[in-house]
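See below for the structure under consideration.
The values are calculated or read from the model by the stated rules, or taken from the named source; none is laboratory data. Fair warning: this is a prediction, and the values are worked out from it, not measured in the lab. No Cβ is skipped: glycine too gets one built from the backbone with ideal geometry, and neighbour counts run over all protein chains shown. Ligands, DNA and RNA are excluded from the accessible area calculation, which covers all protein heavy atoms including side chains. Shrake-Rupley method; radii C 1.70, N 1.55, O 1.52, S 1.80 Å.
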Amino acid sequence: ELLNVKGKNIVVMGVANQRSIAWGIARSLHNAGANLIFTYAGERLGQSVRDLAATLEGQNAIILPCDVTSDEDIARCFADIKEQVGTIHGLAHCIAFANKEDLKGGYVDTSREGFVLSLDISAYSLTAVAKVAKELMTDGGSIVTLTYLGGERVVKNYNLMGVAKAALDASVRYLSNDLGAQGIRVNSISAGPIRTLSAKGIGEFNSILKEIEEKAPLRRNVTQEEVGDTALFLMSDLSRGITGENIHVDAGYHVLG
Ligand code: NAD
């Protein structure tokens, strides 16, 4: 049995509501029998995560606050996780942020403050979290983050977030090399566009969805479930030979010229 996440402790960071990609990942992991630990930013989202987690039958999830802009918050959160479960086997990082005004018009107009904030939350946070989480991955582990094609190519309106994803993608490669000797794999999933709270901030998002439907090899958009199932694969031993990789779950759109 290589699809072996049953009984494994997996941290899922970034559930905001039921449309969140993190929630799709959580459901796939839950259905495969993983023990889930949710982290969220801000008490407003805490209730939302508690309500959602309560719908997972037989799942007694641990739910903790963790604002990734704060090293103290990250340290406290993972100390709490260590106290409650000891070892973790996986971590799904599903976190990004950019100010709305930086997701339209020209990238060239990005402000210094907007750049620093977005790169901090969307890229550095993976490294900050990996640094602490690896100490709890005493049996090896799998770290999965979410990226987008806009980090590899110019995608209209994605702008600053594309630059943040490029930094995130490079972080995946460097982290995979740092943590590989410890049996920890680090990979990303490049999801096609999905209507979520964060996606609302991107200018003309509906026209992106429409273009995928017309042009992607599969002629349709992807779902949170499809991303969730790929995360499940990456968390399991089915993917044991894969690290430093980016898997596109985008109906094939990235192959088009
Ligand atoms: P979402 O809004 O549901 O999730 C984003 C999460 O980031 C939220 O839970 C939010 O609370 C969290 N976050 C923001 N600032 C934080 C902070 N300081 N500390 C901790 N958490 C913080 O939207 P989503 O689309 O599910 O986004 C999840 C990931 O998927 C992001 O990395 C996003 O870039 C990526 N992604 C999304 C799409 C898409 O089309 N929706 C496509 C490719 C990649």
Inter-residue pairs, beta-carbon under 7 Å, first without any contact (Cβ under 8 Å) to a residue 40 or more places away in the chain and in the range 236-257, second open to solvent by less than 70 Å² (accessible area, probe 1.4 Å) and in a loop (DSSP other than H, G, I, E, B), 6+ apart: Gly252/Ala216; Gly252/Pro217; Val255/Pro217
Condition check for Gly86: touching a residue at least 12 places away in the same chain (Cβ under 8 Å) and loosely packed, with under 15 Cβ neighbours inside 10 Å: yes
Single residue of the range 73-83 satisfying the filter (more than 15 Å from Asp120 (Cβ to Cβ) and without any contact (Cβ under 8 Å) to a residue 12 or more places away in the chain) that is most open to solvent (accessible area, probe 1.4 Å): Glu83
Unmet requirement for Lys200, which otherwise passes all of (1) at pLDDT below 95; (2) farther than 22 Å from Ala216 by Cα: (2)
Hits in the range 1-19 (condition: in contact (Cβ under 8 Å) with a residue 60 or more places away in the chain, open to solvent by 10 Å² or more (accessible area, probe 1.4 Å) and within 11 Å of the ligand (Cβ to nearest atom)): Gly14, Ala16, Asn17, Arg19
Check on Gly42, more than 23 Å from Gly86 (Cβ to Cβ) and not basic (Lys, Arg): yes
Strands (runs of 3 or more DSSP E) completely within the range 137-250 that count 2 or more residues being more than 10 Å from the ligand (Cβ to nearest atom), open to solvent by 10 Å² or more (accessible area, probe 1.4 Å) and not acidic (Asp, Glu): 246-249
Failed item in (1) farther than 20 Å from Gly228 by Cβ; (2) open to solvent by 40 Å² or more (accessible area, probe 1.4 Å), with Gly58 passing the rest: (1)
Some residue of the range 108-129 being open to solvent by 30 Å² or more (accessible area, probe 1.4 Å), on the phi > 0 side of the Ramachandran plot and in contact with a helix residue (DSSP H, G or I) (Cβ under 9 Å, 6 or more places away or on another chain): no
